[in-house]
Amino acid sequence: MSGLLPDTEFGSLRDHLLEHSVKRGSFVLKSGRTSSWFIDSKQTVCRPEGMLLVADGVLSVLPDDASAIGGLTMGADPVAFVTAGIAATRGRMLKAFSVRKEAKDHGAGGRIAGALDPGDRVVVTEDTVTRGTSLLEAAHAVVEAGAVPVLLVAVVDRGGTCAGMAAAEGLAFRALLTAPDLGFPYEGA
């Protein structure tokens, strides 16, 4: 049972992820390790009913003083943009942005694309984390842009190590669901 979402929302998001995003078989992970399961959370985050479930989940953990949401492109983009859009329909104004993998060397340059201003209090997000390095990389880019990360949020924590990595940098971390919530062991390392 999740401590973040009401039971019905937790169950609905879990069921959606299991139906659309979790694949069983033999997969090579980004780390090079093999796994008997893979999760493509974008299959949930990019479907209309999943968008609402994810946005509700992220909004349920957002600090009141958060003014922007974003993270490393591609994993964070649908989470950040759908959350900001749904929030706006409910009177909660959040700017949304992406962090490029590399700084752009033309135009205005930099790693941030979208609406992020110095001083913004930022929720850094990601669809799925195993180790948490993408969330931390995005948080560092947010700091370089003059904003303040106030929370790191993943739709799914597959690895179980992100909370510790975030805490070591003085950052809070929340996951809407974990690998054990989906019936699998953590695969962090």
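The values are calculated or read from the model by the stated rules, or taken from the named source; none is laboratory data. Since the model is a prediction, treat every value here as computed from it, not as a measurement. Cβ placement follows ideal geometry from the backbone for every residue including glycine, while neighbour counts extend to all protein chains displayed. Heavy atoms of the whole protein, side chains included, go into the accessibility calculation; ligands, DNA and RNA do not. Shrake-Rupley method; radii C 1.70, N 1.55, O 1.52, S 1.80 Å.
What the table shows:
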item: Segment 70-108, subset touching a Phe, Trp or Tyr at 6+ places or on another chain (Cβ under 8 Å) and among the hydrophobic types (A, V, I, L, M, F, W, C), residue most open to solvent (accessible area, probe 1.4 Å); result: Ala96
item: Any chance Gly164 is out of contact with any strand residue (DSSP E or B) (no Cβ under 6 Å at 6 or more places or on another chain), within 22 Å of Gly32 (Cβ to Cβ) and free of Cβ contacts under 8 Å to residues at least 60 places away in the same chain; result: yes
item: Close pairs (6 angstrom Cβ cut-off, 6 or more residues apart or separate chains): part of a helix (DSSP H, G or I) and hydrophobic (A, V, I, L, M, F, W, C) in segment 72-92, modelled with pLDDT of 95 or more and open to solvent by 40 Å² or more (accessible area, probe 1.4 Å) anywhere; result: Val82/Met51
item: Odd one out for Val54 among (1) surrounded by 19 or more Cβ atoms within 10 Å (Cβ to Cβ); (2) over 18 Å from the mean Cα position of the chain (by Cα); result: (2)
item: Test: Val143 is among the aliphatic types (A, V, I, L, M) and over 30 Å from Thr34 (Cβ atoms); result: yes
item: Residue among Val150, Val143 that alone is touching a Pro at 6+ places or on another chain (Cβ under 8 Å), outside any loop (DSSP other than H, G, I, E, B) and surrounded by 16 or more Cβ atoms within 10 Å (Cβ to Cβ); result: Val150
item: Gly25 being more than 18 Å from the chain's Cα centre (by Cα) and outside any strand (DSSP E or B); result: no
item: Filter pass, Ser31 being among the hydroxyl-bearing types (Ser, Thr, Tyr) and either touching a helix residue (DSSP H, G or I) at 6+ places or on another chain (Cβ under 9 Å) or part of a loop (DSSP other than H, G, I, E, B) (or both); result: yes
item: Count - residues of segment 153-172 that are surrounded by 20 or more Cβ atoms within 10 Å (Cβ to Cβ) and assigned to a loop (DSSP other than H, G, I, E, B); result: 3
item: Sole exception among (1) in contact (Cβ under 8 Å) with a residue 12 or more places away in the chain; (2) part of a strand (DSSP E or B); (3) touching a Gly at 6+ places or on another chain (Cβ under 9 Å) for Leu116, by number; result: (2)
